[in-house]
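Inspection log for the structure reproduced underneath, given as structure tokens.
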Amino acid sequence: MARSVVTSLKVKIQELGLPFLLCGIVNTLFGYFGSLGIYYSLRNILSTFLIVVIARIVTITFSFFTYKIFIFKTKGHWLREYIRCHLSYGFISIITITVLTVLVDYVGVPFWLAQLFTICLGVFFSFIAHTYYTFSHKL
């Protein structure tokens, strides 16, 4: 069983790896600059918390569309996949925030190195989450 999961993952990485990474770079750039734009547009009328919530919804929605249309190319199931996308990113955020905190506060790893590690960890987990959960119709 474990061997078939690893084999399946290897095949998916060979098939989608580079396009997934390129799409992820675009999504990350959009997320960063889009969040800045939303913040500076709304900072005088909304709280930072509400701005972050809006920015997260917008940037995750953008990522959802790019992955659905250009990488996984699934047909239909828009609402289910969209909700799963938000759940996947929520779960990944919990993991990466926890690991980052432990590395910096308890292990003593410099923040820049811990952040680099958690970004790589996030990419790995998002690949798995989107491949086997968000855009999978086997569940």
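Where a number appears in this text, it was derived from the coordinates with a stated rule and is not lab data. Every value quoted in this text rests on a predicted model; they were computed, and no experiment measured them. Note that each Cβ is placed from the backbone with ideal geometry, even for glycine, and that neighbours are counted across all protein chains shown.
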Fill in the blank from the handout: Taking 103-114, 66-77 and ranking on average Cβ neighbours within 10 Å, highest first, one gets 66-77, 103-114
Problem - Anchor K12: lysines whose Cα lies under 16 Å away (excluding residues fewer than 8 positions away in-chain) - result: K68, K73, K138
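May I ask you to sort R43, R3 by Cβ crowding, counting other Cβ atoms within 10 Å and putting the fewest first? Walk me through the intermediate numbers first.
Details: R43 11, R3 7.
The most exposed by this proxy come first: R3, R43.
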Completion exercise
Of the candidates P19, S8, S93, the farthest towards the positive dipole end of the chain (Lys/Arg Cβ +1, Asp/Glu Cβ -1, centred on the Cα centre) is S8
Practice task
Would you work out the relative contact order for the range 2-134, in percent, from Cα pairs under 8 angstrom that are 6 or more residues apart?
Solution key: 23 percent
Exercise for the section: At 7 Å along the Cα-to-beta-carbon direction for both F49 and L9, put a label point, then send me their distance in nm to one decimal. Expected result: 3.7 nm
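If the range 10-90 were replaced by its equivalent ellipsoid, with semi-axes equal to the square roots of 5 times the Cα gyration tensor eigenvalues, what would those be, largest first, whole Å?
Details: eigenvalues 151, 42, 17 Å².
Value: 27, 15, 9 Å, ordered largest first.
Taking a ≥ b ≥ c as the square roots of the Cα gyration tensor eigenvalues, with a/c under 1.5 meaning rounded and otherwise prolate when a/b beats b/c, else oblate, which class fits the chain? Mind dumping the intermediate values first?
Working: a/c = 2.02, a/b = 1.21, b/c = 1.67.
Here the chain falls in the oblate category.
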Handout entry: Two-decimal Rg/Rh across the range 59-121, once Rg and the Kirkwood Rh are taken from alpha-carbon atoms
Key = 1.15
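Rounded to the nearest 500 deg cm²/dmol, what is the calculated helix-only ellipticity per residue at 222 nm for the chain, with -39500 (n - 2.57) per DSSP H run of length n ≥ 4? Can you show the working numbers first?
Details: 4 runs with 103 residues, N = 139.
Calculated at 222 nm, the ellipticity per residue is -26500 deg cm²/dmol.
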